[in-house]
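Please read the structure below before turning to the comments.
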Amino acid sequence: MIPTLLGIMIINFALTQFVPGGPIEQILAQMEGGGDVFEGISGGGSELVDTGDNDYIGGRGLPADFIADLEREFGFDKPPLERFLTMMWNYMRLDFGESYFRSISVFDLVMEKMPVSITLGLWSTLIAYMISIPLGIKKAVRDGTPFDTWTSGAIIVGYAIPGFLFAILLIVLFAGGSYWRLFPLRGLTSANFEELSMIGKVLDYFWHITLPVLASTISAFATLTLLTKNSFLDEIKKQYVMTARAKGLSERRVLYGHVFRNGMLIVISGFPALFIGVFFGGSLIIETLFSLDGLGRLGFEAAVARDYPVVFGTLFAFSLIGLVVGILTDLTYVLIDPRIDFEARG
Amino acid sequence: MAKRPFLSPLNQRRVRNFKRNRRALWSLIIFSVLFGLSLMAEFIANDKPIAVSYRGELYMPIFNFYSEQDFGGDFPTEAGYGEVEVDCLIVTGGLQDCFDAPDELIAAVDAGETLEGDFQKGWMLWPVIPYSYNTIVDVGGVAPSPPSAENVLGTDDTKRDVLARVIYGFRLSVTFALTVTVAASIIGIMAGAVQGYFGGWTDLIFQRFIEIWTGMPSLYVIIIVFAILGRSYWLLVFLTVLFGWPALVGVVRAEFLRARNLEYVRAAKALGVRDRTIMFRHMLPNAMVATVTMLPFLVTGAIGGLASLDFLGFGLPSSAPSLGEMTLQAKQNLQAPWLGFTAFFTFAIMLSLLVFIFEGVRDAFDPRKTFVADGNVTVDDAAFAAAETKAPNQ
């Protein structure tokens, strides 16, 4: 696990050493009137941003000692190895440093983006579970019927089409003004959010998140529904189900009293991963489309603007979380189902 | 001597199984027609005529370059076939009056009159859609213009015909996805085979390597590489393959790890068969089912990935007929809903057909299905769920 993490960091650090267009160039470009990396997408402008210039733009105008000053400020005057070791040492102590462009620590920056990510993650996960599990059970019970075939088809199509296309369709239909102007186009809350009453605030929030949540949920059905269906199918064929039926239990009791517990094991074992996904999930394009400011966008913006502390800080933290979650998933697996073990067998 | 059949009995059964799956079969038929049409895009949507008859001679502007001078005009540049003057020159056989009153002359020729002077009637055979993907359409009004008789799906915000762009974009997406899938499959299968077959340290080190590799932020790398090398189709194919191949390694590796202790492999080893032969001749056919399971996701993942990149502005060069770029335009021009609808339904139809086809292929390969007597093939959800957990996330 630690070598993996180290490997990821080394590769990415090395990558950034050899590419043009570092943060200094970005600052210089901004000083000369370059701008927002999202101009091309959300602003409605049609010009795309040129993201990599091979020379210091400043080389054409700004004095050399100014650039040297900047380099010192960012720590680029030190050799790469030293910078890398300092960085890793800081990360080990969970000190993620400050963003280059906003005087705010990376940790606070991530916290700032959390509301959007939690909103999207929490609601779409809730909806997905509330629909997928009953649907999966129903499909297992009616395996092979036209209902089963058609829902499978619909789910898989929903899965195959990227979420942002659904988002576009929803925007055009419900927020674009051409058809029904039911939902707002951008943001998490209205401009006058502070003045609203408690109920008004809640309503305003849900009003804003309906479309983005819907768009990010559609593709989430497939995995869970089919997982539920399969584990139920496996269980239904087993002896104890026949016994339960033979005892004369109602089909409902059999399904929810007996099969459900066993059938849900595999779904439950996904909970740790799910929980983290709720907090740290981010979908760049969906966030961009609905002008939400979440983690997906943070990562992208940081990458384009070469905000290295943010890039490496989030990369380190999320890789670490990902690896821990992997282990946790295996552990819950063993915990809830003692039949599973990971011992090597000859 | 009996004629040896083209396909082995097993493959024949697979074909039969595929045909029994009506959804997959119909998807394949519809998709083949659409893809076949889009392969002939130049003959369907182009701003040059397919054939021109000028003074009794036949010209093929789609394949060859003809200057305006070839048709009796003034310029040595390529003839602008859409211009009314050139149109008139071709129809009348190069009458110089065309520069003064082209419309009247064309009308006269259409009415069947024979004009005086050096007249020789000619004709032009146009494609169904007289625009290519990058033709600027000459219609009035504000830029994304709504669907009309000339532009069935309207135009985009630089006045290019949407239908023409859809046809070319469809071809581009599908060829991109198929190229990427084939390349990523080959690399992935080889890597997974080596890893699973040798096991031990090879496996361990490779496994770490893949973890690191998949930990790389691919979008970031793509942005950087494009910034250095410039954008091109093949570079994007290369980069997508670069980040796409680990998707297959997992399943292939698992199959090989399982199979390497089986009797037939040990027997082959004892007989002194080379490693390479054992891997690709004996074991690979058994691992094929697991591999085929992943195919639908590789294909749709590649198309979705290309669309997202184009949407973000980091995909193909901006001149390419990209469907992702159309999606971006739809977002920027909400007053033009035809862009959004076209983009959505093009993707929806393309991806659904591909998924259904590859599902059919997968079911046909599944040994459990192959030996079912009544051949009642249903969608194999188990395989989906198994593959899904490892599918590439775009």
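Please treat every number below as a calculation from the coordinates, not as lab data. None of these values were measured; they are calculated from a predicted model. Using ideal geometry, Cβ is built from the backbone for each residue, glycine included, and neighbour counts are taken over all protein chains shown.
Counting beta carbons within 10 Å around each of B:Glu113, B:Glu263, B:Glu68 and listing the fewest first gives the order B:Glu263, B:Glu113, B:Glu68.
Peptide B:326-339 shows a mean partner chain C-beta count of 5 within 10 Å per residue C-beta.
Over segment A:269-316, what is the mean sequence separation of C-alpha contacts under 8 Å (at least six apart), divided by residue count, expressed as relative contact order in percent?
Numbers: 27 pairs, mean separation 11.5, N = 48.
Contact order relative to length: 24 percent.
Estimated from the Cβ-Cβ distance and a Förster radius of 41 angstrom, the FRET efficiency linking A:Leu122 and B:Val273 is about 0.15.
Modelled this way, with points 7 Å down the Cα-to-C-beta line, the labels at A:Lys237 and A:Tyr129 are 2.9 nm from one another. The smallest convex shape that holds all Cα atoms of segment B:258-311, its convex hull, gives 87 Å³ per residue. Applying 1/(1 + (r/R0)^6) with r as the Cβ-Cβ distance of A:Ser197 and A:Ala273 and R0 = 41 angstrom yields a FRET efficiency of 0.60.
Say R0 is 30 Å: what FRET efficiency, to the nearest 0.05, do B:Glu78 and B:Ala149 get from their beta-carbon distance? FRET efficiency, B:Glu78 to B:Ala149: 0.65. For segment A:297-311, putting each phi into the Karplus relation 6.51 cos²θ - 1.76 cosθ + 1.60 with θ = phi - 60° gives couplings of 6, 4, x, 5, 4, 4, 5, 5, 7, 6, 7, 3, x, 5, 4 Hz, in residue order, rounded to whole numbers and with x for Gly and Pro. Note on chain B: GNM, Cα springs under 10 Å; of B:Gly56, B:Gly93, B:Gly192, the largest mean-square fluctuation is that of B:Gly56.
Quick one: order B:Trp26, B:Trp338, B:Trp213 by neighbouring beta-carbon count within 10 Å, fewest to most.
Working: B:Trp26 14, B:Trp338 22, B:Trp213 18.
Ordered by Cβ neighbours within 10 Å, fewest first: B:Trp26, B:Trp213, B:Trp338.
Packing around the peptides B:240-250, B:315-325, B:15-25, taken as the average count of other Cβ atoms within 10 Å per residue, puts them in this order, highest first: B:240-250, B:315-325, B:15-25.
Rounded to the nearest 20 debye, the dipole size of chain B about its Cα centre is 4020 debye, using +1 on the Cβ of Lys and Arg and -1 on the Cβ of Asp and Glu.
Rounded to two decimals, the Cα radius of gyration of segment A:231-282 over 2.2 N^0.38 Å is 1.52.
Each peptide in B:136-147, A:108-119, A:152-163, A:252-263 was scored by the mean count of other Cβ atoms within 10 Å over its residues; highest first, the order is A:152-163, A:108-119, A:252-263, B:136-147. Could you let me know the centre-to-centre spacing of segment A:201-230 and segment B:331-351, using Cα atoms, in angstrom? For segment A:201-230 versus segment B:331-351, the Cα centre distance is 21 Å.
May I ask for the Rg/Rh ratio of segment B:173-274, computed from Cα atoms with Rh as the Kirkwood radius, given to two decimals?
1.10
As a ratio to 2.2 N^0.38 Å, the alpha-carbon radius of gyration computed for segment A:95-143 takes the value 2.00. Mean partner shielding of peptide B:341-351, defined as the number of other chain Cβ atoms within 10 Å of each residue Cβ, is 4.
May I ask you to derive the relative contact order of chain B, considering only C-alpha pairs under 8 Å and at least 6 residues apart, and to give it as an integer percent?
Numbers: 537 pairs, mean separation 76.2, N = 394.
About 19 percent, as a whole number.
Given the alpha-carbon gyration tensor of segment A:296-337, what are the semi-axes of its equivalent ellipsoid in whole angstrom, ordered largest first, with each equal to the square root of 5 times an eigenvalue?
On the way: eigenvalues 201, 16, 4 Å².
After scaling each eigenvalue by five and taking roots: 32, 9, 4 Å.
Among the listed pairs B:Lys48/B:Lys159; A:Lys138/A:Lys237; A:Lys138/A:Lys238; A:Lys138/B:Lys19; A:Lys238/B:Lys19, those whose Cα-Cα separation exceeds 23 Å are A:Lys138/B:Lys19; A:Lys238/B:Lys19. Projected onto the charge dipole of segment B:26-145 (+1 at Lys/Arg Cβ, -1 at Asp/Glu Cβ, origin at the Cα centre), which of B:Trp123, B:Pro102, B:Pro49 gives the Cα projection farthest towards the positive end? Working it through, the farthest residue towards the positive pole turns out to be B:Pro49.
Modelled spin-label separation between A:Ile336 and B:Leu37, with each label point placed 7 Å from Cα along the Cα-to-Cβ direction: 4.8 nm.
Taken along the Cα-to-beta-carbon direction at a fixed 7 Å, the label points for B:Val15 and B:Glu57 span 4.8 nm. Stretching B:Glu104 away from B:Leu178 to a fully extended chain increases their span by 21.6 nm, per 0.36 nm per residue minus the current alpha-carbon distance.
Using 0.36 nm per residue and subtracting the Cα-Cα separation, the extra length available between A:Asp143 and A:Leu81 on full extension is 16.4 nm.
Separation of segment A:254-294 and segment B:166-239, taken as the distance between their Cα centroids, equals 27 angstrom.
Most tightly packed first, judged by the mean number of other beta-carbon atoms within 10 Å of their residues, the peptides B:270-278, B:98-106, A:286-294 read A:286-294, B:98-106, B:270-278. Just check chain B against the gyration tensor rule for me: Cα atoms, a ≥ b ≥ c as the square roots of the eigenvalues, rounded for a/c under 1.5, and otherwise prolate or oblate depending on whether a/b exceeds b/c. Prolate shape, in that a/c is at least 1.5 and a/b is the bigger ratio. Inter-chain neighbour count for B:204-216: the average number of beta-carbon atoms from partner chains within 10 Å of each residue's beta-carbon is 4.
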